[in-house]
1. Name the residues in the stretch 82-111 that are part of a helix (DSSP H, G or I) and open to solvent by 10 Å² or more (accessible area, probe 1.4 Å), would you?
2. Restricting to the stretch 135-156, count the residues that are over 15 Å from Q177 (Cβ atoms) and open to solvent by 30 Å² or more (accessible area, probe 1.4 Å).
3. Just one of P96, P151, P89, P184 is farther than 30 Å from E21 by Cβ, without any contact (Cβ under 8 Å) to a residue 12 or more places away in the chain and of a type outside the set (V, I, T); which is it?
4. Tell me, please, whether a residue that is farther than 30 Å from R41 by Cβ, open to solvent by 10 Å² or more (accessible area, probe 1.4 Å) and either among the polar types (S, T, N, Q) or not in a helix (DSSP H, G or I) (or both) can be found in the stretch 178-194.
5. Is it the case that some residue within the stretch 118-135 is of a type in the set (K, R) and within 24 Å of G76 (Cβ to Cβ)?
6. Mind checking which pairs have a first residue in the stretch 125-140 that is over 17 Å from D99 (Cβ atoms) and a second that is of a type in the set (K, R) and open to solvent by 10 Å² or more (accessible area, probe 1.4 Å), Cβ under 8 Å, 6 or more apart or different chains?
7. Can you find, within the stretch 157-168, the residue that is surrounded by the most Cβ atoms within 10 Å (Cβ to Cβ) among those that are closer than 15 Å to L120 by Cα and of a type in the set (G, A, S)?
8. What is the residue count in the stretch 112-134 for residues that are open to solvent by 30 Å² or more (accessible area, probe 1.4 Å) and not in a helix (DSSP H, G or I)?
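The values are calculated or read from the model by the stated rules, or taken from the named source; none is laboratory data. What you see is a predicted model; the values in this text were computed from it and never measured. Glycine gets a Cβ as well: all are built from the backbone with ideal geometry, and neighbour counts include every protein chain shown. The accessibility values were calculated without ligands, DNA or RNA, using every heavy atom of the protein model including side chains. Shrake-Rupley method; radii C 1.70, N 1.55, O 1.52, S 1.80 Å.
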Amino acid sequence: MSEWLEDFYREGGEMNAHSAEALRQMGADAVPHLKKMLRARDSWPKRKLMELASKQHLVPVPLTPASFQIELALHGCAVLGQDARDAIPEIVALLPERDGVGRFAALVLARTWQEGVLPLAAGLASSDQQVRHNSARGLSECRFDGSVAVPGLINLLDDPDPHIAQAAGLALGSIRQKPELAVPALILCVKRRL
């Protein structure tokens, strides 16, 4: 299965039809392996070795960071869709991650499952700035009813981090739910920033 997932990167950013179909044929049987990949973490020695290897170019050191495995697993979950619902807790646990992993996890939650919207809405109230940002960014591409997130997004319009406030505004515009609450809040936000 890992080889099929790695085809994603060999095909220039889009999973080739053969790999996607093979994964779909595995269905829910692939989920335990995907969940294991989602929990991958680099050990301290591996991180140090990767750091040292990046500083030299004489001897190639073939090390794959855990973030690569995680991204492959996220793509796999997106391809499986409803069959991969059991991986939602592992994906939610990735929301605090940096280096794009947390943002990609939020996008997969928002684009793949209605059940993914609720943890993103909860993430809007997190004390962790990265979780708030990733949750708002994910909700800006929500493919489901995101109305449950509207109150949290309105609150984030006043976030001290302007990137988070901007992401919240974009998400409110994308979700297009509860306009009686969202529109006045957006107008007030714009007036305050002028």
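1. Q82, D83, R85, D86, I88, P89, E90, V92, R103, F104, L107, R111
2. 2
3. Within the list P96, P151, P89, P184, the selection yields P184.
4. Checked the stretch 178-194: at least one residue is farther than 30 Å from R41 by Cβ, open to solvent by 10 Å² or more (accessible area, probe 1.4 Å) and either among the polar types (S, T, N, Q) or not in a helix (DSSP H, G or I) (or both).
5. Our first condition is that a residue be of a type in the set (K, R); within the stretch 118-135, this holds for 132.
After this cut, where a residue has to be within 24 Å of G76 (Cβ to Cβ) as well, the list is none.
No, the stretch 118-135 has no match at all.
6. A125/R132; S126/R132
7. A168
8. Total satisfying the criteria: 4.
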